[in-house]
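The values are calculated or read from the model by the stated rules, or taken from the named source; none is laboratory data. Bear in mind the structure is a predicted one, so any value in this text is a computation, not a measurement. Don't worry about glycine lacking a Cβ; one is built from the backbone with ideal geometry, like all the others, and counts go over all protein chains shown. All accessible areas refer to the heavy atoms of the entire protein, side chains included, with ligands and DNA or RNA removed. Shrake-Rupley method; radii C 1.70, N 1.55, O 1.52, S 1.80 Å.
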Amino acid sequence: MPLSRQRHFVTPEPGEDWNALAARVLADDEPSAAVQKLQSWNLHLFARMPPGRFLGSDVLFVEPPAGDA
């Protein structure tokens, strides 16, 4: 049985915030749209306190789930 395709992801760089991550991984998109995309693909980061902050061990998806576009 072949493995299924997995979503592309990155881990945050030290001191990186949403804007810096968006510039690094979605450089072709308009900055605020890129941040909005990333946040919608990474809702798991908003389930902790403080919401939306990165930890060095986080997995940050840089593409939508399969079936979304």
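Can you give the Kirkwood hydrodynamic radius for the chain, in Å, rounded to one decimal and based on Cα pairs? Walk me through the intermediate numbers first.
Numbers: mean 1/r = 0.0783 Å⁻¹.
For the chain, inverting the mean 1/r across all distinct Cα pairs yields 12.8 Å.
Check which residues have an amide H placed less than 5 Å from Gly52's amide H, if you skip close sequence neighbours.
Excluding prolines and chain starts, which carry no amide H, the hits are Phe46, Ala47.
The chain: longest stretch without exposed trypsin sites (Lys or Arg not before Pro) (DSSP loop, at most 11 other Cβ within 10 Å), sites themselves excluded? Provide the component values of the computation, followed by the final result.
Values: sites that count: Arg5, Arg48.
Result, exposed sites excluded: 6-47.
Please list, in order along the stretch 2-15, the HN-Hα scalar couplings obtained from phi with the Karplus expression 6.51 cos²θ - 1.76 cosθ + 1.60 (θ = phi - 60°), rounded to whole Hz, x for Gly and Pro.
After applying 6.51 cos²θ - 1.76 cosθ + 1.60, I find x, 6, 7, 5, 9, 5, 6, 8, 9, 10, x, 7, x, x Hz.
On the accessible surface of the stretch 27-69, probed at 1.4 Å, how many percent belong to carbon and sulfur atoms?
Working: 1700 of 2890 Å².
Using a 1.4 Å probe with all protein chains present, the stretch 27-69 comes out at 59 percent carbon and sulfur.
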